[in-house]
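Report on the following structure.
The values are calculated or read from the model by the stated rules, or taken from the named source; none is laboratory data. Bear in mind the structure is a predicted one, so any value in this text is a computation, not a measurement. Cβ coordinates were reconstructed from backbone atoms using ideal geometry, including for glycine residues, and neighbour counts include every protein chain displayed.
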């Protein structure tokens, strides 16, 4: 993690806290209105290494390692997934004394933020959704195979080749970008945590079945989300098709959509500068209201 952060000129600034009996690690940079960076179901908080510096110029940027990922505890999620994500995210904000925040969420992190918006607590201001989960049944075959007895144990067995293959075929278009080596080491190392494979397999069974994603927001739910929202999607996402993003942008009344052509599931790795410009332009000074 530290080596990856150093690639972006960042010193490691992390800490731990307890959330419902789970030990949660998080990164914390800058001062100003709070902004949560919520990673997806992959490596962990340091995936935002190319966003943190740009956003921390005017914000307090907080990036947690969600349970099961990064340096946090390995207790799996419970069904339904959206309820489990909401309880964790609300508990994390409570533990840090955060009343209202803006949020940028990738994949499962976006699903968590959308669940918070739906809760109607008024704790979420502006929201950036990047290749979000929970917006349609479709998902990659690899996720479905991971839920099959016996086969799932093989698919999720920690190995460098498998992690690199997922990185090259699912996460990015250009797997040879400048910081790719440091990112690949980080994303593999975090899978070696004690209990990770079992916790990930249990959590994936809550996330998906062989027929697709289990927790999908309804049209009525998405229409009810009035938060200002920017939807960013990689045009070549093989995990969640771009049609999922268009569905959200069409239903949520205050959402706008931006497709990044030369990107897969993680545009912030493929095109970090473009993603940063979109986020900074969208957020502006909005957080200063809260």
**Request:** Please work out if residue 103 is over 21 Å from residue 23 (Cα atoms) and touching a strand residue (DSSP E or B) at 6+ places or on another chain (Cβ under 8 Å).
**Result:** yes
The residue that is farthest from the chain's Cα centre (by Cα), considering only those in the stretch 157-170 that are within 21 Å of residue 197 (Cβ to Cβ) and buried (at least 16 other Cβ atoms within 10 Å of the Cβ), is 162
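Here are 263, 209, 286: which of them is more than 17 Å from residue 109 (Cα to Cα), touching a strand residue (DSSP E or B) at 6+ places or on another chain (Cβ under 6 Å) and modelled with pLDDT under 95?
Details: 263 fails: modelled with pLDDT under 95; 209 fails: touching a strand residue (DSSP E or B) at 6+ places or on another chain (Cβ under 6 Å).
Exactly one of 263, 209, 286 is more than 17 Å from residue 109 (Cα to Cα), touching a strand residue (DSSP E or B) at 6+ places or on another chain (Cβ under 6 Å) and modelled with pLDDT under 95, namely 286.
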When the stretch 240-256 is checked residue by residue, the ones that are surrounded by fewer than 23 Cβ atoms within 10 Å (Cβ to Cβ) and within 18 Å of the chain's Cα centre (by Cα) are 241, 242
Residue pairs within 9 Å by beta carbon, gap of at least six or interchain, first lying in the stretch 190-213 and on the phi > 0 side of the Ramachandran plot and in contact (Cβ under 8 Å) with a residue 12 or more places away in the chain, second surrounded by fewer than 17 Cβ atoms within 10 Å (Cβ to Cβ) and assigned to a loop (DSSP other than H, G, I, E, B), listed first then second, are 212/137; 212/138
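Considering only residues that are part of a helix (DSSP H, G or I) and surrounded by fewer than 18 Cβ atoms within 10 Å (Cβ to Cβ), which ones fall in the stretch 171-188?
180, 181, 185
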Going through (1) under 30 Å from residue 246 (Cα atoms); (2) at pLDDT 90 or above; (3) surrounded by fewer than 18 Cβ atoms within 10 Å (Cβ to Cβ); (4) in contact with a helix residue (DSSP H, G or I) (Cβ under 7 Å, 6 or more places away or on another chain) one by one, residue 220 fails only at (4)
When you look at residue 208, is it surrounded by fewer than 19 Cβ atoms within 10 Å (Cβ to Cβ) and either within 27 Å of residue 55 (Cα to Cα) or in contact with a helix residue (DSSP H, G or I) (Cβ under 6 Å, 6 or more places away or on another chain) (or both), yes or no?
no
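Counting residues that are crowded, with 20+ Cβ neighbours inside 10 Å and free of Cβ contacts under 8 Å to residues at least 24 places away in the same chain, which strands (runs of 3 or more DSSP E) fully inside the stretch 11-129 reach at least 1? Steps first, answer last, please.
Working: elements: 14-19, 22-29, 34-38, 60-64, 101-106.
Once the strands (runs of 3 or more DSSP E) in the stretch 11-129 are filtered for at least 1 residues that are crowded, with 20+ Cβ neighbours inside 10 Å and free of Cβ contacts under 8 Å to residues at least 24 places away in the same chain, nothing remains.
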Considering the stretch 130-168, residues that are in contact with a strand residue (DSSP E or B) (Cβ under 7 Å, 6 or more places away or on another chain), at pLDDT below 75 and outside any loop (DSSP other than H, G, I, E, B), and then whichever is nearest to residue 257 (Cα to Cα), we arrive at 143
